[in-house]
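Presented below is the structure to which this report refers.
The values are calculated or read from the model by the stated rules, or taken from the named source; none is laboratory data. The structure presented is a predicted model; accordingly, all values stated were derived computationally and were not measured. Note: ideal-geometry Cβ built from the backbone for every residue, glycine included; neighbour counts use all protein chains shown.
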Amino acid sequence: DTEVTQTPKHLVMGMTNKKSLKCEQHMGHRAMYWYKQKAKKPPELMFVYSYEKLSINESVPSRFSPECPNSSLLNLHLHALQPEDSALYLCASSQEASGVYEQYFGPGTRLTVT
Amino acid sequence: AQSVTQLGSHVSVSEGALVLLRCNYSSSVPPYLFWYVQYPNQGLQLLLKYTTGATLVKGINGFEAEFKKSETSFHLTKPSAHMSDAAEYFCAVSVLSGNQFYFGTGTSLTVIP
């Protein structure tokens, strides 16, 4: 099974809402990633978890809060977002957090902030 | 530091023609190189990768790429374009000690019937 799943597929939320994005993989990968992607742009790295510990936070605003409850799950908690946060949010995983390993991407959550 | 340049943000080819998507990288240490494809409203799918060994790498869907160290390039080719190849293509570079990919800006491929 080489699949990364993400829920929900689409999410519309107001600027005062709290919501969460979920990501799951069952490949035994020990590194998981959150990316933000705007239309026609490459993915921008937000967070990297390695062995369930946060190893990279690319200066992401605190209104985005990641969580890695176990080695298979990755959440992104959203609070007080801005309209410019509307984007495709991609989760990925790799065998380990080393550049030699390819990353497997989920289908993404399309987020719209109103 | 690592970086990737993809020349040509838009490429159009006729169905059955050669596909050539360009990727040049900058890296101070031996790079690992990847090509990903993204279809509309989907995630990224790995086409192929170069880590070590043979410099000509074959991937899925008939694509291949050649690592040329002297030219710091990793261009993606396919002998005969198919309508289903229309998508966004991203080249990425990483290094052994690194824990992140550096993506190029992407190339949108259009296939003309």
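List of remarks:
- Screening A:GLU67 on (1) more than 13 Å from chain B (Cβ to nearest Cβ); (2) in contact with a Pro (Cβ under 9 Å, 6 or more places away or on another chain); (3) surrounded by fewer than 20 Cβ atoms within 10 Å (Cβ to Cβ); (4) not in a loop (DSSP other than H, G, I, E, B) shows it passes everything except condition (2).
- If you filter region A:49-62 down to residues that are in contact with a strand residue (DSSP E or B) (Cβ under 9 Å, 6 or more places away or on another chain) and part of a loop (DSSP other than H, G, I, E, B), you find that the one that is farthest from the other protein chains (Cβ to nearest Cβ) is A:SER62.
- Selected residue (criterion: farthest from the chain's Cα centre (by Cα)) from residues of region A:97-109 that are at the interface with chain B (Cβ under 7 Å from one of its Cβ atoms) and under 19 Å from A:GLN6 (Cα atoms): A:GLU102
- Selection status of B:ALA92, free of Cβ contacts under 8 Å to residues at least 60 places away in the same chain and among the hydrophobic types (A, V, I, L, M, F, W, C): no
- Wholly within region A:1-48, strands (runs of 3 or more DSSP E) carrying at least 1 residues that are among the aromatic types (Phe, Trp, Tyr): A:31-37
- In the set (1) under 26 Å from A:VAL48 (Cβ atoms); (2) away from chain A (no Cβ under 11 Å); (3) among the polar types (S, T, N, Q), B:THR105 fails one condition alone, (2).
- The numbered conditions (1) loosely packed, with under 13 Cβ neighbours inside 10 Å; (2) modelled with pLDDT of 95 or more are all true for B:PRO40 except (2).
- Looking across region B:81-101, the residues that are of a type in the set (Phe, Trp, Tyr) and either outside any loop (DSSP other than H, G, I, E, B) or under 12 Å from the mean Cα position of the chain (by Cα) (or both) come down to B:TYR89, B:PHE90.
- Which listed residue, of A:LYS9, A:LYS40, is within 13 Å of another protein chain (Cβ to nearest Cβ), of a type in the set (Lys, Arg) and in contact with a Lys or Arg (Cβ under 9 Å, 6 or more places away or on another chain): A:LYS9
- Matching residues, region B:14-34, being under 17 Å from B:GLU66 (Cβ atoms) and of a type in the set (Val, Ile, Thr): B:VAL19
- Taking the conditions (1) surrounded by fewer than 18 Cβ atoms within 10 Å (Cβ to Cβ); (2) more than 14 Å from chain B (Cβ to nearest Cβ) in turn, A:LEU78 satisfies each one other than (1).
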